[in-house]
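The values are calculated or read from the model by the stated rules, or taken from the named source; none is laboratory data. It should be emphasised that the depicted structure is a prediction, and the values quoted were computed from it without experimental measurement. Because the Cβ atoms are built from the backbone with ideal geometry, glycine has one as well, and the counts that use them run over all protein chains shown.
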């Protein structure tokens, strides 16, 4: 599966990584070229989310088509229509299902069919019984056919040593064009794997120098909701920028981070004063919309917001504890009026969430008392 085709969906505030590939969906007698989305939680979107078992049924019935009829009518998202002429397909339902299962394993960082095959080969090489060879052969044949040539990551030999090894002396590989495996051919394959084992043993292990690349805590979603008045236990609502947690910046006090942000964005002093004293954060935003911005505001707004968030969590230790309690979770911030600040179901840039993560990291650093900081 193409690893550079990256996507995701958001479910209950958790970002589910995924990938996609092209497929034909047969609806009636018409074939539609569309995208098949595959997600790490095992759900597949082929005109609707389905489980892997339901996807297998759609393959079996031809809803997801792997064979295309001569003269069949097809279209691509209203971009073009055509009829198949001498169509050729390198996929079968079984092959596509195997590829999708591999993709789900890869998205989860689990061993896929290639990894399982190489593990079975290691078992055979350590204990060369025919039973272990049969297990290695079965694991090799479970690799989707187009992927077998890449199993050894050797673009010169492809999978030739592997298919010889699992066939054994006197055996026949899965390729009909291959001659029967002679002892000489088999010995060369054994020598290849012995050299490969030496090279792998001498290779220094790869150890991440900077810890995990992804968070281990579930994502946190900060839904948009009326801020209202301060409460004794606001929970994660207190992390929103429009929550009424007064902050002092310079000599000016603002009812919330949002009040301060919108006031500082205004070019005119009188406008800033009116925005700073607006009854609600929503009213502050509305007032700011109608006045001129500071020139180049788009270049400084993330720096301004970072300083305001630092002020909020410095001046409200109880809210800092709520932020720290999110651990290293991805913070998804809803702001339906801004695709810049909000995640908005994956359609926005989520800068509000990203800056909260940054300030949270600073708070963790303060707790850690790292020398030199």
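The table for this structure:
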{"quantity": "Residue within region 9-27 that is touching a strand residue (DSSP E or B) at 6+ places or on another chain (Cβ under 9 Å), free of Cβ contacts under 8 Å to residues at least 24 places away in the same chain, farther than 28 Å from residue 215 by Cα and assigned to a helix (DSSP H, G or I) present", "calculated": "no"}
{"quantity": "Test set (1) under 26 Å from residue 328 (Cα atoms); (2) in the same structural domain as residue 351 (by TED's automatic domain parsing) - residue 279 fails condition number", "calculated": "(1)"}
{"quantity": "Residue in region 56-73 that is within 30 Å of residue 214 (Cα to Cα) and in contact with a helix residue (DSSP H, G or I) (Cβ under 9 Å, 6 or more places away or on another chain) present", "calculated": "no"}
{"quantity": "Only listed residue being farther than 25 Å from residue 226 by Cβ, touching a residue at least 24 places away in the same chain (Cβ under 8 Å) and under 29 Å from the mean Cα position of the chain (by Cα), chosen from 324, 309", "calculated": "324"}
{"quantity": "Among residues of region 129-152, those that are more than 30 Å from residue 89 (Cα to Cα) and modelled with pLDDT under 95, counted", "calculated": "0"}
{"quantity": "Criterion: in the same structural domain as residue 252 (by TED's automatic domain parsing), at positive phi and modelled with pLDDT under 95 - qualifying residue of 345, 329, 339", "calculated": "345"}
{"quantity": "Residue check, residue 210 more than 14 Å from residue 322 (Cβ to Cβ) and part of a loop (DSSP other than H, G, I, E, B)", "calculated": "yes"}
{"quantity": "Filter result (within 17 Å of residue 162 (Cβ to Cβ) and touching a residue at least 24 places away in the same chain (Cβ under 8 Å)) within region 103-129", "calculated": "113, 114, 116, 117, 118, 121, 124, 125"}
{"quantity": "Those strands (runs of 3 or more DSSP E) lying entirely in region 28-107 with at least 3 residues under 26 Å from the mean Cα position of the chain (by Cα) and at pLDDT 95 or above", "calculated": "30-39"}
